[in-house]
Each structure stands twice: as C-alpha cells, then as structure tokens.
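Accompanying notes for the structure given below.
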Amino acid sequence: MMRRCAAAGITILVLGGPLPATAEQLGQIGGITGAVKKANDLRDLQVTDAEEQQLGAAVSEKIRTRYGVVQDAAVHRYIALVGTALAQASTRPALPWNFVVLDTDGVNAFAAPGGYVHITRGALALLETEAELAGVLGHEIIHVTEKHTIKSIQKSKAVQMGASETLSGSSALLERAVTATYDSIVEKGFGREEENESDEKGIALANKIGYAPDGLSAFLTRLKERNKDSTEKRGLFASHPEMDSRLANIKKEIAAKKMASTAMLGDRYKRFISYTPRPMTEIATVTPGSAGLTGDTAKAEPKKEEPKKKSGGFGLSRMLPTGGGGEKQQAQVTGSGSARGVDPEKDSRGGTNPAPVPVKLAAADIEAFKKEGGLK
Ligand SMILES: [Zn+2]
C-alpha cells in the first residue's frame, strides 16, 4: 500500500503490513512527526485514455512473455482483418486495436485494456469457421469497449492512489496496476455479469457486419464437448449449469434481437488456419500463476496462494472447473511438479518468443476482405 503525504512531499511505502490508520501514525514513520499535517485520502484508480493505452501495452507485453507469440505474419494478418472489421463497427473504433496470436496449445482468449486482444493457437485450432472466430473476437472486443478490466481493477485496494497521483506519473502505481490487470484477465477472469454482456454485445457486433450470430455458441459447445471427452472427472463441467445458461442466454438473445446474418466462411477460415487441436490431457503445463514464464517448468516459481476463483468456469478463460477433481488427473498426465490447481487451458506451456508480429492494414484491405466474404 502507498500513501502520499503531500505536505511533506514524501511517499511512504508500507510493504506487507497493515496501512497506518491515522495521519499521526503515518507521521511517526521515519520520524517526520509534525511535518505531516494529514494524509491524503486514497481514491479509486483514475485512468485516462492515454493511460489505458499505456496499461494495455504493458499488460499485453506480460501476456506475450507468458505465452509467446506465433511468429506467422499470414496468420496474424488474417486474425487482424477479422478483428479490425469487428472493432471498426464497435463503440470504440478509433482505438489502436492489436490482435495477437499466442503460441500455446491451451484454448483461451484475453482482452487487455486499450484494444489489445489475444487469442491462443489452441483456440484457433478448435475454431472451425470465421463466424466462430468473429464470435470469440467480438466477445473480447466488448470486454475492451465496456472497460470491464479497468472497472475491475478500480475496485481493487491494491491500486488505489493518492489524490495527487496519476497512473502515468507514478511507475510504482503503474506496476501495481499492470500486475492487478494481468491477474484480473489471466488468473481470475470476469464475473457472470461481464461475461453475459460480452456474449450479448459480442454476437450483436458479429451479426452487425454479416457473420452468423451463433458462431460463439458453436465454439462454446465444442469447448464443452472437449471437456467432457477429455476425462470422466471433468464431466462435472459437462453439465455445468452456468455454461448451459450462458448458451441458453445467447440463443434467447439471437431470437429476441432477430439477428439473422448468415456468413459462416468456413472455407476461408481453413485457408488461413490449419492448426490441430491438442486434447487437454496432452497439454504441457507450467505452475499456475507463474506469470512471465515462457514454458520452462523447471523455472516455475512456487505459487504462494491459489488465485481467487470467480463464478467457476464462466469466462472464456474460466470455462473449466478450476477446483474440481480434474486437476489431479491433469497432474499425472503432464507430470508437472506442482500441479495443484492446474488448469491446462490457462496454465499451458507457451512459446519462447514474445515479439509482436506487426500487421499493417489499409482501409482498402479491410473493405476488400469484407467484400470477398460477403460482409457488411
Ligand atoms: Zn470473457
């Protein structure tokens, strides 16, 4: 925790201990009693658009370092074309949108603030059509446009700030915000409300530019089957009421809003993406929560505590039972030394190259891409 004492111009870091309760106590630290009139009240994190970019870039780097990046320009260009076509139809078309393909077999997608959308090679392997890809990217884009992560970390005590402090003006605060954001996106996931909003607005976005709106549910259904088939123990997930209610909600939404676009584009998808999905039982893992590691289990740091789980298997990254018996079975398969709480989709080993693969798209490229696919 940190408090900034404006009167003394001194920032006092209190590590691992309770926050001093009064200004008087605060003043006693370092023997500066008297110089400190009163401590400023802590307030929730304030984030400008520029700071959102700064935060997103740093978090994206952390995610890229953790999972590695597929060094394939053609794959990145294709994902960026679909993603940008969607993003341009969103409520924040002017963000500098980035679409990153992560080099891991785990099936996942992560949206960082400011327009940084990540999807894993494993997720691309499981998808079968461009409409399904649009469903997943649309869902992630809504997490960004609705600022779900920003709102989530603003509730965090760890990133509260002093009245005169700014995110861009304090490297210590930025570092805490990056850590909190990464944990929120990769380790904890979102709650039911945010996931439902992303589902509903994400499929509407895909439908708006011409994609069949049921792409997301086709993918989620396949993910559910993947889980069911991998181990008996994971059968717990197969009847997971939250997944079923999520699918039912999507179906209801499509009917209620009369979403009727039809483009599936399975052939075009297969022209660009030819990965083979790896069963969950064959996914090599690293120690849960070992952020920043690129897949070397030997270097994985011991985890101090289990990340707090949200509504158990609801987000794209949280659609597996995280506390159930399936973990033990995974541990045997992967041989991971510390497999407690392992979620193969999230804790999958990643590649070693975090370098982004830049994609340059002209407006004409996106128009031609949409035209070729019969999109709007
Ligand atoms: Zn989500």
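The values are calculated or read from the model by the stated rules, or taken from the named source; none is laboratory data. Remember, predicted model here, so these are calculated numbers, not experimental data. Here the Cβ is made from the backbone with ideal geometry for all residues, glycine too, and neighbour counts use every protein chain on show. Heavy atoms of the whole protein, side chains included, go into the accessibility calculation; ligands, DNA and RNA do not. Shrake-Rupley method; radii C 1.70, N 1.55, O 1.52, S 1.80 Å.
If we scan segment 89-99, do we find a residue that is within 23 Å of residue 188 (Cα to Cα) and out of contact with any Phe, Trp or Tyr (no Cβ under 7 Å at 6 or more places or on another chain)? Looking for residues that are within 23 Å of residue 188 (Cα to Cα) and out of contact with any Phe, Trp or Tyr (no Cβ under 7 Å at 6 or more places or on another chain), one finds at least one in segment 89-99, hence yes. Residues in segment 144-154 that are within 13 Å of the chain's Cα centre (by Cα), under 17 Å from residue 93 (Cβ atoms) and open to solvent by 10 Å² or more (accessible area, probe 1.4 Å): 1 in all. Summed over segment 94-111, the residues that are in contact with a His (Cβ under 7 Å, 6 or more places away or on another chain) and of a type in the set (A, V, I, L, M) give a count of 5.
Within segment 354-367, residues that are under 22 Å from residue 63 (Cα atoms) sit with their Cβ atoms under 8 Å from residues that are part of a helix (DSSP H, G or I) and open to solvent by 50 Å² or more (accessible area, probe 1.4 Å), at 6+ positions apart or across chains, in these pairs: 354/61; 357/73; 359/73; 359/77. Among the residues of this structure, residue 139 counts as one that is crowded, with 24+ Cβ neighbours inside 10 Å and of a type outside the set (Ser, Thr, Tyr).
Say whether the condition of being within 16 Å of the ligand (Cβ to nearest atom) and in contact with a strand residue (DSSP E or B) (Cβ under 6 Å, 6 or more places away or on another chain) is met by at least one residue in segment 84-98. No, the conditions are met nowhere in segment 84-98. Tell me, please, whether a residue that is open to solvent by less than 10 Å² (accessible area, probe 1.4 Å), over 20 Å from the mean Cα position of the chain (by Cα), away from the ligand (no atom under 16 Å from the Cβ) and of a type in the set (A, V, I, L, M, F, W, C) can be found in segment 177-192. So far as segment 177-192 goes, no, none of its residues is open to solvent by less than 10 Å² (accessible area, probe 1.4 Å), over 20 Å from the mean Cα position of the chain (by Cα), away from the ligand (no atom under 16 Å from the Cβ) and of a type in the set (A, V, I, L, M, F, W, C). With respect to residue 195, is the statement that it is in contact (Cβ under 8 Å) with a residue 60 or more places away in the chain, within 15 Å of the ligand (Cβ to nearest atom) and charged (D, E, K, R) true? Spelling it out, residue 195 is indeed in contact (Cβ under 8 Å) with a residue 60 or more places away in the chain, within 15 Å of the ligand (Cβ to nearest atom) and charged (D, E, K, R). Scan segment 99-129 for residues that are within 15 Å of the ligand (Cβ to nearest atom) and under 27 Å from residue 254 (Cβ atoms) and jot them down. Of everything in segment 99-129, those that are within 15 Å of the ligand (Cβ to nearest atom) and under 27 Å from residue 254 (Cβ atoms) turn out to be 107, 108, 109, 110, 111, 117, 118, 119, 120, 123. Restricting segment 130-159 to residues that are in contact with a helix residue (DSSP H, G or I) (Cβ under 9 Å, 6 or more places away or on another chain), more than 14 Å from the ligand (Cβ to nearest atom) and of a type outside the set (A, V, I, L, M) leaves a set whose member that is farthest from residue 373 (Cα to Cα) is 156.
In this structure, is residue 89 of a type in the set (A, V, I, L, M), modelled with pLDDT under 95 and either closer than 15 Å to residue 201 by Cα or open to solvent by 10 Å² or more (accessible area, probe 1.4 Å) (or both)? Spell out how you get there, then give the answer.
On the way: of a type in the set (A, V, I, L, M): yes; modelled with pLDDT under 95: no; either closer than 15 Å to residue 201 by Cα or open to solvent by 10 Å² or more (accessible area, probe 1.4 Å) (or both): yes.
Taking the combined requirement at face value, the residue does not satisfy it.
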